[in-house]
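Step one of this worksheet: look at the structure below.
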Amino acid sequence: MRRVVPIFSFAVVCVSLSGCWQGITREVLATVLSVRGEAAWAMEGRNDVRPITSQTKFGTGSIVRTFQDAQVDVTLLPGTLARISGNSELKIEKLRLTKDGNETEDGMRSRVVSVQLNRGKISALFQRRDESEMRFTIGTRQATISADENCLFQVQEEETKTRVTCVRGKIYVSQANRETVMEGGYFQEWPLERLTAIAAADDARGQIDVSDALEAERKLQELQSKQRLRLPF
């Protein structure tokens, strides 16, 4: 009987250590920072469409739709901000945090964001805050765009093509088993007309895309700062 207690205690410790090592993973909800115009959301496969307000929170499986001249600014996860422009449809596929089991920022192990842009435009600001694993992926019909370090970029899904503009940092674009790296200041369209990215400064629309993304970044950061000031701690 004396041997049973130490063995049982050792087993409990092992399980506890294993749990801490794997971390605790949970699905989280996006936070709406601001909304302009008419926008709505619903869970995939359901008909209970609801208007988006500043109090709305949506998570995995949600489909967000914006109408003409509408605009929704959101925090998808800490460090991942996005502006959904008018006439867009975005499906939230994954919003996931993994932590060491405590509520402190230091306990963060990974952040994973995955969305599908079915139509329209999204401007995304990705900010690394610590050494935890971070991954942000936007899927479209033509390509998959991902980021794992600080960057600002814009994705536009049109009827026949996908247009991606990297304003700052670096993003990865996968299409037909081929991955390319796009640096800040360049854009590209799929299906490919040119194998290499084009300097946004040399293209009239590219210049507009960069200006639009920079304005979205400015507003998103402003809204994020205001949200932090409203927190009760």
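The values are calculated or read from the model by the stated rules, or taken from the named source; none is laboratory data. Treat the numbers as computed from the prediction; the structure is a model and nothing was measured. Note that we place each Cβ from the backbone using ideal geometry, even for glycine, and neighbour counts take in every protein chain shown.
Observations, loosely collected:
- Scanning region 116-148 for residues being within 11 Å of the chain's Cα centre (by Cα), of a type in the set (S, T, N, Q) and not in a strand (DSSP E or B) gives a total of 1.
- Single match in 168, 194, 163 (criterion: of a type in the set (Lys, Arg), over 22 Å from residue 134 (Cα atoms) and modelled with pLDDT of 95 or more): 163
- Qualifying residue in region 155-167 (condition: surrounded by fewer than 20 Cβ atoms within 10 Å (Cβ to Cβ), under 16 Å from the mean Cα position of the chain (by Cα) and not small (Gly, Ala, Ser)): no
- Inter-residue pairs, beta-carbon under 8 Å, first free of Cβ contacts under 8 Å to residues at least 60 places away in the same chain and closer than 16 Å to residue 98 by Cβ and in region 120-139, second part of a strand (DSSP E or B) and among the charged types (D, E, K, R), 6+ apart: 132/109; 132/111; 133/109; 133/111; 134/111; 135/111
- Count - residues of region 176-218 that are in a strand (DSSP E or B) and closer than 22 Å to residue 84 by Cα: 6
- For the residues 56, 75, the requirement of being under 22 Å from residue 26 (Cβ atoms), modelled with pLDDT of 90 or more, in contact with a helix residue (DSSP H, G or I) (Cβ under 7 Å, 6 or more places away or on another chain) and not aromatic (Phe, Trp, Tyr) singles out 75.
- Considering residues of region 108-120 that are modelled with pLDDT of 90 or more and out of contact with any Phe, Trp or Tyr (no Cβ under 6 Å at 6 or more places or on another chain) only, the residue nearest to residue 159 (Cα to Cα): 119
- Every residue from region 60-104 that is among the acidic types (Asp, Glu) and not in a strand (DSSP E or B): 69, 100, 103
- Counting the residues of region 32-68 that are on the phi > 0 side of the Ramachandran plot and touching a strand residue (DSSP E or B) at 6+ places or on another chain (Cβ under 8 Å) gives 2.
- Which numbered condition residue 180 misses (of (1) over 19 Å from residue 128 (Cβ atoms); (2) β-branched (Val, Ile, Thr); (3) buried (at least 18 other Cβ atoms within 10 Å of the Cβ)): (3)
- Lone qualifier among 123, 132 - being at pLDDT 95 or above, surrounded by 16 or more Cβ atoms within 10 Å (Cβ to Cβ), over 20 Å from residue 43 (Cα atoms) and not β-branched (Val, Ile, Thr): 123
- Among (1) surrounded by fewer than 12 Cβ atoms within 10 Å (Cβ to Cβ); (2) more than 17 Å from residue 137 (Cβ to Cβ), the one test that residue 208 misses: (1)
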